[in-house]
Each structure stands twice: as C-alpha cells, then as structure tokens.
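No value in this document is a laboratory result; all are computed from the given coordinates. Source: prediction; values computed, not measured. No Cβ is skipped: glycine too gets one built from the backbone with ideal geometry, and neighbour counts run over all protein chains shown.
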Amino acid sequence: MGDPTREHLIETYRKKAKHYDITSRLYPAPGYPQRAQRLRAVQALGLRAGDSVVDIACGTGLNFPLIEEAIGPDGRIVGVDLTDAMLAQAQDRIETNGWSNISLVQADAAEFDFPAEVDAILSTYALSQVPECAEVIAHGAAALSGGGRWVVLDLKVPDNTPGWLGQLGTALVRPFAAIDEWIMRRPWEVIRAAMQEELADLSWTELFFGTAFLAAGAGAFPCDDDSNGLLR
Ligand SMILES: C[S@@+](CC[C@H](N)C(=O)[O-])C[C@H]1O[C@@H](n2cnc3c(N)ncnc32)[C@H](O)[C@@H]1O
C-alpha cells in the first residue's frame, strides 16, 4: 500500500499542473516577487558554462530557463519530481524550447540517487514539503563536487508570529491539507540545521518579511576533514 500523504500530494499537484505556471505567479501571496527570488536563487548557484545541475522537485521546470542561460548547451540539468503531471508540463517546456540537455526523473526526492560530482543542486518552493528534507540535503551534499553549491529557496513561518496567524497565512498558500503537520515540523529549521551540518560557508537570508528564505552552502573539498569550511 502506498503512503497516503504522498498520494494526496501527487493528487493535489496533478490537479494544479496544467495551470501551475499561471497560478504560481501568485505564490506564496500576491505581491511576492517570485521571479526575482527565483533568479536570486539561481545566481546563488554560481553557475558556469558546462555545469551540471540537479533541480530537486522541479515541478513544471520554471527554473530551467534561468539555469539554461547560465550553463549553456554544454551543461546538463536533471529535473526530479514526484508528480507525473508536473513532469509532463516540464517536458512540454523542454520541447517548446528545443533544449536537448535536460533529463527528467520521476522519483521521490528522498529516494533519488544523485549523480556523482554534480556542480550544483537547487530546490525551490518544494523541499519543505519533503518530510525527509534533511536526508535529501545530506545525499545531495555527498554528491556535490568540491565547492559545488546547494541552494534552497522555500517558505517559512515568520519568527515571532502568533501561532494562529502563522496558521492562517500558511493555510492560504499551502496546497495540501497537512498544514498543521508542516507548521509543527518547522521544516525550515530542519533544512537550516542540515545545511549547516553538511555544507561549508552557509548563508541564510530571510525574504519577504520572514515568510521565505534563501539558503546556500558549498560542498566540501576532498582534502577538508571538517564540514564547516574551517580549514579553508
Ligand atoms: C510548489 S511546487 C514547486 C515546483 C518548482 N520547484 C517551482 O519552483 O515552481 C512543489 C513540487 O514539489 C514536488 N514534490 C513534493 N514532494 C516531493 C517529493 N517527496 N519528491 C519529489 N518531488 C516532490 C511536487 O510534485 C511539486 O511539483
């Protein structure tokens, strides 16, 4: 028997997939500069021509044009997502743009086998939905090339927000019913702690009144025997 939470999530995104590119412009709230934040996240990857990038929970591939611009035709993107219908939209985007350097993998991020020596890993508005987000960060960090970048852009509840207000705000933006679980789990804290543990030079920036964050860290070089960049 499948995992009911995962199945509910897949069903939710199956319904959203066709119109996701339009509806997500209002995500997480009207006025939120989503495209600008996406661009910021891609810039934080520090990409160069020819780099390989994994986009975890890539959805319909809204990050692909920004990544393609940085890596060019000699680079490579692997887009991973759980929901077939979101990947179908991503495939349409790939064909419309004539990109031949992107492969899509339908997989749970928690079980995805990262390619070795990948130059960069990105996840936008998705990792906090994965209960095993700490494991995903660890698996990715282990696969990153030395100095490669792991970047997460996602939502959070602002600090010092009364519980009821956080609940109301996030209920408006979260697409699935497990909102209480999401608030209780405080995944942004889990993500921050895991990135601190697994990566060097972690930067953490709160966005849009603390309702979102951009986190970026670097993979350790083989000669490092600590995870905090203290030897560099
Ligand atoms: C809000 S959308 C974000 C999509 C895309 N990253 C973006 O920025 O537009 C969340 C995506 O996460 C995917 N997702 C959720 N849980 C996942 C998991 N455990 N493994 C892989 N993908 C997952 C969903 O299928 C959906 O496409």
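Before rounding to the nearest 500, sum -39500 (n - 2.57) across all DSSP H runs of length at least 4 in the chain and divide by the residue total; then give [θ] at 222 nm in deg cm²/dmol.
-11500 deg cm²/dmol
Calculate the tail of P(r) for the chain: the fraction of all Cα-Cα distances greater than 21 Å, expressed in %.
54 percent
Please list, by residue number, every one of the trypsin sites (Lys or Arg not before Pro) in segment 13-64 that is coil in DSSP and has at most 15 other beta-carbon atoms within 10 Å. Could you put the intermediate results ahead of the total?
Numbers: sites: R14, K15, K16, K18, R25, R35, R38, R40, R48; in loops: R48.
Passing both the DSSP loop test and the Cβ count: R48.
Among M86, M184, which comes first, then next, by fewest other beta-carbon atoms within 10 Å? Before the final figure, lay out each step's value.
Details: M86 25, M184 9.
Taking fewest neighbouring Cβ atoms as first place, the list is M184, M86.
Charges only on Cβ, +1 for Lys and Arg, -1 for Asp and Glu: so what's the dipole of the chain about the Cα centre, in debye to the nearest 20?
980 debye
Report the charge-dipole magnitude of segment 1-97 in Debye, nearest 20, computed about the Cα centre from +1 at each Lys and Arg Cβ and -1 at each Asp and Glu Cβ.
For segment 1-97, the charge dipole is close to 400 debye.
Hey, what's the per residue convex hull volume over the C-alpha atoms of segment 72-161, in cubic angstrom?
Looking at segment 72-161, the number lands at 132 Å³ per residue.
Any idea how far the Cα center of segment 42-97 sits from the one of segment 189-224, in Å?
Result: 21 Å between the Cα centres.
Which helices, counted as full DSSP H runs in the chain, have an axial Cα extent of no less than 30 Å and a Kyte-Doolittle average of 1.6 or above?
none
Mind running the shape call on segment 1-115? Use the C-alpha gyration tensor, a ≥ b ≥ c as the square roots of the eigenvalues: rounded below 1.5 for a/c, prolate if a/b tops b/c, oblate otherwise.
oblate
Hey, if you put +1 on the Cβ of every Lys and Arg and -1 on every Asp and Glu Cβ in segment 29-129, which of I77, A44, L122 ends up farthest toward the positive end of that dipole?
A44
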